[in-house]
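Q: This is the structure, below, for whatever I ask next.
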Amino acid sequence: MISAKRSMHINLFLMNTGHHEASWRHPATDPRRITDLNYYRELGRIAERGKLDSLFLADTLVLPPTVEHKVLHGLEPFTLLSAIAAVTDKIGLIGTASTTFNDPFHIARKFASLDWISAGRAGWNIVTTASESAAYNFTDAALPPHDERYRKASEFVEVVKALWDSWEDDALVADKESGLYADMAKIHPLDHKGEHFAVRGPLNMPRSPQGHPLLVQAGSSEDGKSFAAMVAEAVFTAQPTFESGQAFYADIKSRMKPFGRSPDELCILPGFFPIIGDTLAEAQDKQRELDELTIVAYGLKRLSTLFKVDLTDCPLDEPVPLHLLPRQEEINGNRGRFELVEGMARKEKLTLRQLIMRTAGSRGHASLTGTPLQIADELERWFLGRAADGFNLMPSHMPDGLSDFVDKVIPELQNRGLFRTEYTGNTLREHYGFSRPAGKRKLEAHT
Amino acid sequence: MMGGKSSNRQLYMSAAVDGLNYQQCVQLAEMAERALLHALIAPESSRLEKPAPSSPVLEPFTLLAALSASTSTIGLIAEVHSAFYEPFHAARKLAALDYMSSGRAGCLTLPGQEAAAANFGRVSKEQLRPHGYEASAAVEFAEAMQQLWDSWDDDALIYDKQAGMQFDEAKVREVNYTGRYYSTRGPLNIARPPQGHPPIVVPIRTQDDKLAAARVADVMIIEPNSLEEAIELSLELRELLRQQGRQPEQGRILASLTPIAVTAGSISEVDLRLGTVGGGGKTARGRLCCAGTAEEIADWIQLWHHSGAVDGFHIQPPLQAALDSFGYFAEQVIPELQRRGMFRQTGSSSTSLREQLGLSRPINQFHVIR
């Protein structure tokens, strides 16, 4: 049965003007604000008003080929999250950083720094980078293959955690009288030499408030799921239906045991794309308004990029030409999303135009257009039915879609005892109900 | 006075902001902004010094981005060790910082020390890249960043809601930069920053640094032992700028300085090591110090500035008690300089760091070619 203590976690997935791809054309949004810190200050405050656990920034390391018709991500995660840290008090700050195009030392240092600046609110969404063209912004060599990227990611995370632990918790003395700043006996080099990295360490920073910033993962391929079961404490995933959500949930949790982890050491947060109206008709009007702004040419480019095949000359009102698509194993990019969208087209026999519209807002994530009560019912069903431990909230357009959720759906979830009415902790780990990982000396004493 | 420089030349001032205590960094930044300083510089470290660890510092981009939210006019300059960094990452973070701060970002480039390389070892073949520790590698790094910033025209973004067009594709381009150490294709995934190029700051320590600075620096930081040395050095730097076809005022010269306040009765507590009170010179740590009362420090600054050797100073408070020391400078020395008409009394009407430093906004280099 459901434990009384279990409560829902909600992360705000920040995305420029909103998650609907036409949100930037909506009269209520202003795409020029996506590089303005005041915009994020406003969004952060709305999210804190709703007592949300965290906010999250996705990231790309390349200018997307589809950018002509769709707003850019905007700012860079480390700089933006640090600035948001300065203008918020409680909300967790999860940033995406690639294990393929960074050095573990930089990443360990930047997240530790963000954790200090935010007093324990940092989290790292670990990605391996699926974009083949991103590679050429860093090197003249091609993107490494999928399994190779995940092997590298495992080693990368291992090195970063070891760097975070290279200072014992009490290594920083800062005794002004004696002039002893740090106790070198409590600071340990790593001397890591692996398949991909050679890192001596130690980190040039004391262990941060959370010990380890929260580790988040979002890949839903086979490699991605195993990786999540091994290292992640929160998983973002795209699940179009309650049933697929349940299956994914059971799958990930069952993979944890071989790594010596208990299922409650990981929160599964499927993406959820709501369009909220006081009546169903009002919600449907809002959705229609956004859908009608969708640009078919953009949708074709987007699907062509995902499917790795040029669909731009295909007839829009005929079934998706599935026979033109490569096999899933041939995809070296976003394999999980390929499977999801391809499956949606196959099972529901969608036309190209229908597939563009179906994925224009939610991009294949769960979605619901309805009243606050209907939306709360759906979230409750997923949560109690073990399809989710919480949600990655994807407002259609911002700030309006976000404030609708915070002011109309959150109170309903609170009334049902599903969601917190006040923050009970200060750190991101505390919001998700996780303890602070033991430091080096304590670990050794226990083993 | 050298070259008969008039006393109404602008005096430029920056200060170091570092340490692990974010709240103290905020206090220092706010103090510096109130005192109308032009910029803050966040130093970077790529390894832990042994045996005695220097005070750990917050990572510059995270620190300065957070400070951009609690300040509104002061420049925010991040130190980057180019040997261990990617131009794409740095160009993008600087652009983001420039947007969030309304044009206040800058970048101090240093190649980084070979001793830190052990923290950045890459084993896999496709990732192997030689680390460049010479000044020319930092030049390459700066040039790659500048090309990435120029991968967008200033007016590329149109946000035409009606037509559904975000930007004009003809105004965004790949740069395909290939140097000895770096290659990057671009375009950058953020539009050209408000300043065009956030200014590049180069510390001058070696002969190679001078040549590098002459090519890319908007600001140079020198560490002379004496006024005579400063005069000689600045003549040389300005000549090198000219040889690169640049005007002397396109490269501001700041001397790094640690002011030590000596108030009545506290003289015996100050370990000056050299020089007399009211004088200046290098300490054992290799920093140029000036100790004295607010008037004496102001005299000293006036002498240096009027000599024409420097355009201003980069204030590095002593490691211990940085906040107290800087507080004295900001609240006693700066007002004294203002009384003498040497330092600005009102903030600039522009938030752009370039404009505050009297530097022009760079033209997009891909337009020059056309």
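Q: For residues in the range A:102-155 being of a type in the set (S, T, N, Q) and more than 11 Å from chain B (Cβ to nearest Cβ), which is surrounded by the fewest Cβ atoms within 10 Å (Cβ to Cβ)? Full working, then the answer.
A: Kept after step one, since they are of a type in the set (S, T, N, Q), are these residues of the range A:102-155: A:102, A:113, A:118, A:125, A:128-129, A:131, A:133, A:137, A:139, A:154.
So of that shortlist, the ones also more than 11 Å from chain B (Cβ to nearest Cβ) come out as A:125, A:128-129, A:154.
Values: A:Asn125: 24, A:Thr128: 24, A:Thr129: 24, A:Ser154: 19.
Among those that are of a type in the set (S, T, N, Q) and more than 11 Å from chain B (Cβ to nearest Cβ), it is A:Ser154.
Q: Separate question: Looking only at the range B:1-34, filter to residues that are over 22 Å from B:Cys107 (Cα atoms) and hydrophobic (A, V, I, L, M, F, W, C); which one of those is modelled with the lowest pLDDT?
A: Once the filter is applied, the top-ranked residue is B:Met1.
Q: For the range A:39-55, which residues satisfy the criterion of being under 19 Å from the mean Cα position of the chain (by Cα), over 24 Å from B:Lys161 (Cα atoms) and within 13 Å of chain B (Cβ to nearest Cβ)?
A: Of everything in the range A:39-55, just one residue is under 19 Å from the mean Cα position of the chain (by Cα), over 24 Å from B:Lys161 (Cα atoms) and within 13 Å of chain B (Cβ to nearest Cβ), namely A:Gly44.
Q: Would you check which residues across the range B:53-80 are more than 7 Å from chain A (Cβ to nearest Cβ) and at pLDDT below 95 and list them?
A: Selection gives B:Ser54, B:Val57.
Q: Just one of the numbered conditions (1) of a type in the set (Val, Ile, Thr); (2) surrounded by fewer than 20 Cβ atoms within 10 Å (Cβ to Cβ); (3) over 24 Å from A:Phe56 (Cβ atoms) is not true of A:Ile356; which one?
A: The failed condition is (2).
Q: Within the bounds of the range A:99-121, is there any residue that is of a type in the set (Ser, Thr, Tyr) and under 27 Å from B:Pro130 (Cβ atoms)?
A: There is at least one residue in the range A:99-121 that is of a type in the set (Ser, Thr, Tyr) and under 27 Å from B:Pro130 (Cβ atoms).
Q: Can you report the number of residues in the range A:18-38 which are hydroxyl-bearing (Ser, Thr, Tyr) and within 10 Å of chain B (Cβ to nearest Cβ)?
A: Residues flagged as hydroxyl-bearing (Ser, Thr, Tyr) and within 10 Å of chain B (Cβ to nearest Cβ) within the range A:18-38 amount to 2.
Q: Inspect all residues belonging to the range A:74-95 and state whether any of them is of a type outside the set (Val, Ile, Thr), surrounded by fewer than 24 Cβ atoms within 10 Å (Cβ to Cβ) and away from every other protein chain (no Cβ under 11 Å).
A: Yes, some residue in the range A:74-95 is of a type outside the set (Val, Ile, Thr), surrounded by fewer than 24 Cβ atoms within 10 Å (Cβ to Cβ) and away from every other protein chain (no Cβ under 11 Å).
Q: Of these, A:Ile268, A:Ile252, A:Ile276, which one is touching a Phe, Trp or Tyr at 6+ places or on another chain (Cβ under 6 Å) and at pLDDT 95 or above?
A: None of the others qualify; the one that does is A:Ile268.
Q: Right, another one. What is the number of the single condition among (1) more than 17 Å from A:Leu114 (Cα to Cα); (2) at the interface with chain A (Cβ under 10 Å from one of its Cβ atoms); (3) assigned to a strand (DSSP E or B) that B:Arg47 does not meet?
A: Among (1) more than 17 Å from A:Leu114 (Cα to Cα); (2) at the interface with chain A (Cβ under 10 Å from one of its Cβ atoms); (3) assigned to a strand (DSSP E or B), the lone unmet condition for B:Arg47 is (3).
Q: Filter the range B:65-78 for residues that are surrounded by 23 or more Cβ atoms within 10 Å (Cβ to Cβ) and outside any loop (DSSP other than H, G, I, E, B) and give the result.
A: Within the range B:65-78, B:Ala65, B:Ala66, B:Leu67, B:Ser68, B:Gly75, B:Leu76, B:Ile77, B:Ala78 meet the criteria.
Q: Within the range B:290-332, count every residue that is part of a loop (DSSP other than H, G, I, E, B) and closer than 17 Å to B:Val17 by Cα.
A: Initial filter on the range B:290-332 (part of a loop (DSSP other than H, G, I, E, B)): B:293, B:307-311, B:316-321.
Now narrow it down to the ones that are closer than 17 Å to B:Val17 by Cα: B:316-321.
The qualifying residues number 6.
Q: Right, something else. Output yes when any residue across the range A:72-89 is touching a residue at least 60 places away in the same chain (Cβ under 8 Å) and farther than 19 Å from B:Asp160 by Cα, and no when none is.
A: No, that holds for no residue.
Q: Moving to a separate point now. Looking at A:Ala58, is it at the interface with chain B (Cβ under 7 Å from one of its Cβ atoms), hydrophobic (A, V, I, L, M, F, W, C) and touching a residue at least 24 places away in the same chain (Cβ under 8 Å)? Step through it out loud before you land on a result.
A: Working: at the interface with chain B (Cβ under 7 Å from one of its Cβ atoms): no; hydrophobic (A, V, I, L, M, F, W, C): yes; touching a residue at least 24 places away in the same chain (Cβ under 8 Å): yes.
For A:Ala58, the condition - at the interface with chain B (Cβ under 7 Å from one of its Cβ atoms), hydrophobic (A, V, I, L, M, F, W, C) and touching a residue at least 24 places away in the same chain (Cβ under 8 Å) - is not met.
Q: Of everything in the range A:325-348, what is under 24 Å from A:Leu143 (Cα atoms) and modelled with pLDDT of 90 or more? Give them in sequence order.
A: A:Leu325, A:Val341, A:Glu342
Q: Could you say whether any residue in the range B:257-275 is closer than 26 Å to B:Gly106 by Cβ and either among the aliphatic types (A, V, I, L, M) or modelled with pLDDT of 95 or more (or both)?
A: Yes; the residues of the range B:257-275 include at least one that is closer than 26 Å to B:Gly106 by Cβ and either among the aliphatic types (A, V, I, L, M) or modelled with pLDDT of 95 or more (or both).
Q: Taking the range A:175-196 as the region of interest, how many residues are under 13 Å from A:Pro206 (Cα atoms), more than 9 Å from every other protein chain (Cβ to nearest Cβ) and either part of a strand (DSSP E or B) or within 28 Å of the chain's Cα centre (by Cα) (or both)?
A: 0
Q: Which of the residues spanning the range A:36-57 are among the polar types (S, T, N, Q) and either surrounded by fewer than 24 Cβ atoms within 10 Å (Cβ to Cβ) or modelled with pLDDT under 95 (or both)? Working first, answer last.
A: Taking the range A:36-57 first, the residues among the polar types (S, T, N, Q) are A:38, A:54.
Answer for the range A:36-57, where residues must be among the polar types (S, T, N, Q) and either surrounded by fewer than 24 Cβ atoms within 10 Å (Cβ to Cβ) or modelled with pLDDT under 95 (or both): just A:Asn38.
Q: Then there's this: Take the range B:186-209 and flag every residue that is away from every other protein chain (no Cβ under 14 Å), within 17 Å of the chain's Cα centre (by Cα) and in contact (Cβ under 8 Å) with a residue 24 or more places away in the chain.
A: Once the filter is applied, which keeps residues that are away from every other protein chain (no Cβ under 14 Å), within 17 Å of the chain's Cα centre (by Cα) and in contact (Cβ under 8 Å) with a residue 24 or more places away in the chain, the range B:186-209 yields B:Gly196, B:His197, B:Pro199, B:Ile200, B:Val201, B:Val202, B:Pro203, B:Ile204, B:Asp209.
Q: For the range B:103-122, check the following and say yes or no: at least one residue is closer than 26 Å to A:Arg33 by Cα and hydrophobic (A, V, I, L, M, F, W, C).
A: Among the residues of the range B:103-122, at least one is closer than 26 Å to A:Arg33 by Cα and hydrophobic (A, V, I, L, M, F, W, C), which makes the answer yes.
Q: Now, a different point. Can you pull out every residue in the range A:156-174 that is in a helix (DSSP H, G or I) and surrounded by fewer than 19 Cβ atoms within 10 Å (Cβ to Cβ)?
A: Once the filter is applied, which keeps residues that are in a helix (DSSP H, G or I) and surrounded by fewer than 19 Cβ atoms within 10 Å (Cβ to Cβ), the range A:156-174 yields A:Glu158, A:Lys161.
Listed here are the residues, each with its yes/no results for (1) in contact with a Leu (Cβ under 9 Å, 6 or more places away or on another chain); (2) touching a residue at least 60 places away in the same chain (Cβ under 8 Å).
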position	(1), (2)
A:Gly343	no, no
A:Pro372	no, yes
A:Gly385	no, yes
A:Pro395	yes, yes
A:Val409	yes, yes
A:Gly425	no, no
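Q: What residue, of A:Pro202, A:Pro209, is over 21 Å from the mean Cα position of the chain (by Cα) and more than 13 Å from A:Ala162 (Cα to Cα)?
A: Of the residues listed, the single one that is over 21 Å from the mean Cα position of the chain (by Cα) and more than 13 Å from A:Ala162 (Cα to Cα) is A:Pro209.
Q: Please enumerate the residues belonging to the range B:87-121 that are crowded, with 24+ Cβ neighbours inside 10 Å, within 11 Å of chain A (Cβ to nearest Cβ) and closer than 14 Å to B:His131 by Cα.
A: B:Pro87, B:Asn119
One line per residue, one yes/no per condition, for (1) in contact with a helix residue (DSSP H, G or I) (Cβ under 8 Å, 6 or more places away or on another chain); (2) closer than 17 Å to B:Arg354 by Cα:
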{"site": "B:Pro60", "(1), (2)": "no, no"}
{"site": "B:Ala65", "(1), (2)": "yes, no"}
{"site": "B:Phe88", "(1), (2)": "yes, no"}
{"site": "B:Ala105", "(1), (2)": "yes, yes"}
{"site": "B:Ala115", "(1), (2)": "no, no"}
{"site": "B:Gly121", "(1), (2)": "no, no"}
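Q: Check whether at least one residue in the range B:210-218 is over 18 Å from the mean Cα position of the chain (by Cα) and either more than 10 Å from chain A (Cβ to nearest Cβ) or at positive phi (or both), and report yes or no.
A: no
Q: Could you check B:Ser307 against (1) modelled with pLDDT under 85; (2) hydroxyl-bearing (Ser, Thr, Tyr); (3) within 27 Å of B:Asn8 (Cα to Cα) and say which number it fails?
A: In the conditions (1) modelled with pLDDT under 85; (2) hydroxyl-bearing (Ser, Thr, Tyr); (3) within 27 Å of B:Asn8 (Cα to Cα), B:Ser307 misses (1) alone.
Q: Just the residues that are more than 19 Å from the chain's Cα centre (by Cα) and either closer than 11 Å to A:Arg386 by Cα or in contact (Cβ under 8 Å) with a residue 60 or more places away in the chain (or both), please, taken from the range A:248-269.
A: Once the filter is applied, which keeps residues that are more than 19 Å from the chain's Cα centre (by Cα) and either closer than 11 Å to A:Arg386 by Cα or in contact (Cβ under 8 Å) with a residue 60 or more places away in the chain (or both), the range A:248-269 yields only A:Ala250.
Q: For the range A:322-354, give me each residue that is of a type in the set (Gly, Ala, Ser) and touching an Asp or Glu at 6+ places or on another chain (Cβ under 7 Å). Lay out the reasoning, then the answer.
A: The initial filter retains those residues of the range A:322-354 that are of a type in the set (Gly, Ala, Ser), namely A:333, A:336, A:343, A:345.
Matches in the range A:322-354: A:Gly333 only.
Q: For the subset of the range B:148-172 comprising residues that are assigned to a strand (DSSP E or B) and surrounded by fewer than 18 Cβ atoms within 10 Å (Cβ to Cβ), which member is nearest to the other protein chains (Cβ to nearest Cβ)?
A: Applying the filter and picking the extreme gives B:Tyr159.
The values are calculated or read from the model by the stated rules, or taken from the named source; none is laboratory data. These numbers come from a predicted model, not from an experiment. Ideal geometry is used to build each Cβ from the backbone, glycine not excepted, and the neighbour counts take in all protein chains shown.
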